[in-house]
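Notes follow the structure.
The values are calculated or read from the model by the stated rules, or taken from the named source; none is laboratory data. No experiment lies behind these values; they were computed from the predicted model shown. Reconstructed Cβ throughout: ideal geometry from the backbone, glycine too, with neighbour counts over all protein chains shown. What goes into the accessible areas is simple: the full protein's heavy atoms, side chains included, and nothing from ligands, DNA or RNA. Shrake-Rupley method; radii C 1.70, N 1.55, O 1.52, S 1.80 Å.
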Amino acid sequence: MTDPIFEPRIVAYLCNWCTYTGADLAGTSRLQYPPNVRIIRLMCSGSVDPMYVLQPLLHGADGVLIGGCHPGDCHYQEGNYKARRRYINLKTILESAGFEDERVWLRWISASEGARFAETVAEMTEAIRALGPNPLKVAWEVG
Amino acid sequence: MTKKLIPVQEAGVQAALAAFLQAVLTRDDIDMIFTPVRMRSGAVTHALVADPGILAQADPLAPVLPVNGAAQMARLTVREPRKRIAAVLRPCELRAFVELVKLKQASFEGVTVIGIDCLGTYPVPDFMADHIEAIPQGVETGAIKPATGYRFRDACQMCEQPVPGAGADIKIELLGADLRAGVPVDVPEVFADLPVLRDGAEAPGRAAAVERLVAARTARRDADFAETREQLRSGGGMGDIFAACIHCMNCQQVCPICYCKVCVFRGQIFDYPPEKYAAWAGRKGALRMPTDTLLFHLTRLNHMAVSCVGCGMCTEACPSALPVGQVFRAVGADVQAAFEYLPGQSVDEPLPLVTFKENEWNEVGEE
Ligand code: SF4
Ligand code: SF4
Ligand code: FES
């Protein structure tokens, strides 16, 4: 069951202190970005359990974006450094286990980088569109 | 460390090792012994032994590993007050114990580890059916062969670390030795005066025997990894491998690294409202139930693969006979390589997911 016109669905976990505010800034600055992203606000990129990324990928998302503060800028000092290692862990496991790890992105976007947020969403939407629908979300036997 | 010999009499190697453990228990600084023990029924279990009489049934060589003893040792050491325990551990148990110490679920405080070369273990049902001979052929040369008609557990066949590593205070060095003559043991100076011990030396053929066994196991491991990776990357991949999974979570329950008392997958967060199931079934055409089987395995990989010690308890526990351990070891090897981390080697080396450096993977997140 493939969509006739494929519109990627992207789940974004954004840190409250930076990327979420950056996304807000993109909105208030009236920057255009694709409506394909569903935003979930978290207190820190360091609070993203890999399960939060995997669950949507198995239940209907085509991509997952994690947005956090630039290294050195985490409100909790080290959350984003730990997030970076968990991201390497997750990507390595997805790749090793035969899944499309390129559906998961991590980007550092500060509160003042509204434009970078809009560009990232646009870029990711196009990259996922090029990949096509996430096979996991349509395969009834997995999930 | 001093090389000693545990003399072997008429009664054989099991009795010799039991006598050695009894002698260890007589020491003032040891309260109890944790060791595999043969029960009246013939089954073998780990036990925490306080009574020297029961130690006569200790059987560290019994070729079976019903559970990974590290998880049990964690219960005995996780908090004060602790007894001073001498623990007989196979290499994969010791590696798991090191990981559990780093995960703050266990402690080396008061523990004397008696590491033992592992010659390979059989699946519990095979062992129970036939009480297979403890000492296989080829101990002296390292060309170890399982008993005729039996196979060692898959995990054992591909275990390239059959010799106790860092963390073992005493090492029972079977490989290379003529066990009829005695069991070579490497002990710290303070144990050298144990009355049962004779002067000894490293078995002349030990280095060659270890090398030979490690080479054979490594070759087997690499062939297994290649096969598993091929399966993961072809066709339905991991979904197909776990197609017959019944989501019993036995694999998680027996994994020594999975220490959470209640796994998140046993909670209620995966009980969705009825309409949710219907919506998914509508979109996908059908919904596999129970749901979230693959999510369970992928999440477990994310939580523990970096520490997977390859003990294969998960494979043995799977009622659907799925190659759980092969997948976890192969994927684990890739993550371990990414972090340049080898589980079970050293308590001083931090766990990859609890540490970080500011200056690493600097390109990540910046595109
Ligand atoms: S995943 Fe399997 S092989 Fe790895 S440590 Fe756990 S039980 Fe042992
Ligand atoms: S033990 Fe086997 S059937 Fe049970 S959850 Fe693990 S893989 Fe699935
Ligand atoms: S507070 Fe933004 S990543 Fe930690």
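Kirkwood Rh over alpha-carbon pairs of region B:2-221, then Stokes-Einstein at 20 °C and 1.002 mPa s: what D in µm² s⁻¹, rounded to an integer? Walk me through the numbers before you get to the answer.
Values: Rh = 17.5 Å.
Taking Rh from Cα pairs, D becomes 123 µm²/s.
Can you pull the mean other chain C-beta count within 10 Å for peptide A:65-76?
On the way: counts 0, 1, 1, 1, 1, 2, 9, 1, 0, 0, 0, 0.
For this peptide, the per-residue mean of nearby foreign Cβ atoms is 1.
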Between helix B:206-233 and chain B: long-axis angle, C-alpha atoms, 0 to 90°, nearest 10
10 degrees
Note the angle between two axes, namely the Cα long axis of helix A:19-28 and the longest principal axis of the Cα atoms of chain A, as a number of degrees from 0 to 90, rounded to the nearest 10.
90 degrees
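Please list B:M32, B:M158 in order of solvent-accessible area, largest first, computed with a 1.4 Å probe with all protein chains present.
Working: B:M32 45, B:M158 5 Å².
My answer, sorted largest first, is B:M32, B:M158.
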Could you tell me how many degrees, from 0 to 90 and to the nearest 10, lie between the Cα long axis of helix B:293-304 and the main elongation axis, the longest principal axis, of the Cα atoms of chain B?
50 degrees
Solution diffusion estimate, µm²/s, Stokes-Einstein, region B:211-367, Kirkwood Rh from C-alpha pairs, 37 °C, viscosity 0.692 mPa s:
184 µm²/s
Cα-based Rg / Dmax (Å) for the protein assembly as shown
26.2, 89
In square nanometres, what is one fourth of the surface area of the convex hull spanned by the alpha carbons of region A:10-140?
7.3 nm²
Exposure ranking of A:D101, B:D29 by accessible area [1.4 Å probe, largest first]
B:D29, A:D101
In Å², nearest 100, what accessible area do chains B and A bury in total when the solvent probe is 1.4 Å?
4000 Å²
Estimated FRET transfer efficiency when R0 is 41 angstrom, pair B:K276-B:A43 (beta carbons, to 0.05)
0.35
Can you give me the solvent accessible area of B:K83 with a 1.4 Å probe, rounded to the nearest 10 Å²?
110 Å²
Across B:301-312, the residue-averaged tally of Cβ atoms belonging to other chains within 10 Å stands at 3
Residue list for region A:21-54, given a label point 7 angstrom along the Cα-to-Cβ vector of B:V264 and an amide N cut-off under 12 Å
A:47-54
I'd like the carbon and sulfur percentage of the solvent accessible area for the protein assembly as shown, probe radius 1.4 Å, heavy atoms only, ligands and nucleic acids excluded.
54 percent
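Other chains near B:352-359: what is the mean number of their Cβ atoms within 10 Å of each residue's Cβ?
Working: counts 4, 6, 2, 4, 9, 3, 5, 1.
Across the residues of B:352-359, the mean count of other-chain Cβ atoms within 10 Å is 4.
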Amide H contacts under 5 Å for A:I40, placed H, 5+ residues apart:
A:A12, A:Y13, A:L14
What is the percent of Cα-Cα separations in chain B that go past 33 Å?
33 percent
